[in-house]
Amino acid sequence: MSTTEAIRTRVHRLSKGKPFTSSRFLKLGSRAAVDKTLSRLVDEGEIQRLARGVFVRPKKSRFIGNVMPEVSEVVEVIAKSHGETIQVHGAEAARRFKLSTQMPTSPVFYTSGPSRSLRVGNITVKLMHTTSHRRLQFAGKKAGLALSALWYLGKENTTPEAVSRIRSGLSPEEFEALKSADVPAWMSAALNSPELETVNG
């Protein structure tokens, strides 16, 4: 089987709507051969290019046409291919827990890799390097999202009401995971505050 046929076969086995990188096919042929085959598949409409080296098998909806993956999914795939850990930035995390109405002008993520900007479709995504393993704990999980929100709020704004809102957005297991994280004393005190029961009661 040629490199082209092998890649086509592998691509057709991939789930529709799930982003993937070209690097997953490098065992099947040279970088040039892989890139050429994937470009041909893009031209044929078999796959779509989401970002440099990132593609997806189109998932169709009879209401809106092609359903694109979330930007966070694409960024996670890129980070994984580079051996990086990424975490949603605190401003976006706080917004998801309804602790802030501020909309970031462009998606921002913390990363264990270098700071840089990526183009995902027509969106510019910013990756900000952090040396703090604390900010990357539970990356990709709800507890990690909550942790990012708390870092963003800071000591002064991490009130019992704010923690209560975060807890209501987590399952009991996720909240226990959050409490087990390696965090500064002020955050640990807020997560274990007796006032939480008063707020929820």
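Some values worked out for this structure:
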| quantity | calculated |
| --- | --- |
| Gain on full stretching of the segment that runs from LEU14 to SER117 - 0.36 nm per residue minus C-alpha separation | 34.3 nm |
| For LEU50, distant residues with modelled amide H under 5 Å away | PHE55, VAL56 |
| Counted charge near LEU99, where neighbours are those whose Cβ lies closer than 15 Å (Asp, Glu -1; Lys, Arg +1) | +4 |
| Using θ = phi - 60° and Karplus 6.51 cos²θ - 1.76 cosθ + 1.60, couplings along the range 47-57 (whole Hz; Gly, Pro as x) | 9, 10, 8, 9, 7, 4, x, 10, 9, 8, 7 |
| In nm, spacing of pseudo-spin labels at GLU173 and THR3 (7 Å Cα→C-beta vector) | 4.4 |
| Whole-Hz ³J(HN,Hα) from phi, Karplus 6.51 cos²θ - 1.76 cosθ + 1.60, for the range 11-24, glycine and proline x | 4, 5, 8, 6, 5, 5, x, 9, x, 8, 9, 5, 4, 5 |
| Within the chain, helix-based [θ] at 222 nm, where runs of 4 or more DSSP H residues each add -39,500 (n - 2.57), nearest 500 | -12500 deg cm²/dmol |
| Residues whose placed amide H lies under 5 Å from that of VAL120, excluding near-sequence neighbours | VAL125 |
| Amide N proximity, the range 152-174 versus SER188 label position 7 Å along Cα-to-Cβ, cut-off under 17 Å | 155 |
| The range 71-200: antiparallel DSSP beta bridges as a percent of all, rounded to 5 | 65 |
| Net charge dipole size for the range 16-108 [Lys, Arg +1 and Asp, Glu -1 on Cβ; Debye, nearest 20] | 260 |
| Cβ crowding within 10 Å averaged over residues, with 88-100, 64-76 ranked highest first | 88-100, 64-76 |
| Full-extension gain in nm, GLN102 to GLN48, via 0.36 nm per residue minus C-alpha separation | 16.3 nm |
| Shape category assigned to the range 148-201 from the gyration tensor of Cα positions, a/c cut at 1.5 | rounded |
| Estimated vicinal HN-Hα couplings, Hz - the range 80-94 in sequence order (Karplus 6.51, -1.76, 1.60; Gly, Pro = x) | 4, 5, 9, x, 9, 10, 10, 9, 4, 4, x, 5, 6, 4, 5 |
| For the chain, size of Cβ-based charge dipole, Lys and Arg +1, Asp and Glu -1, in debye | 960 |
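The numbers here are math on the coordinates, done by the rules we state, and not lab data. Because the structure is predicted, anything quoted here is derived from the model rather than measured. As a convention, Cβ positions derive from the backbone with ideal geometry for all residues, glycine included, and neighbour counts pool all protein chains shown.
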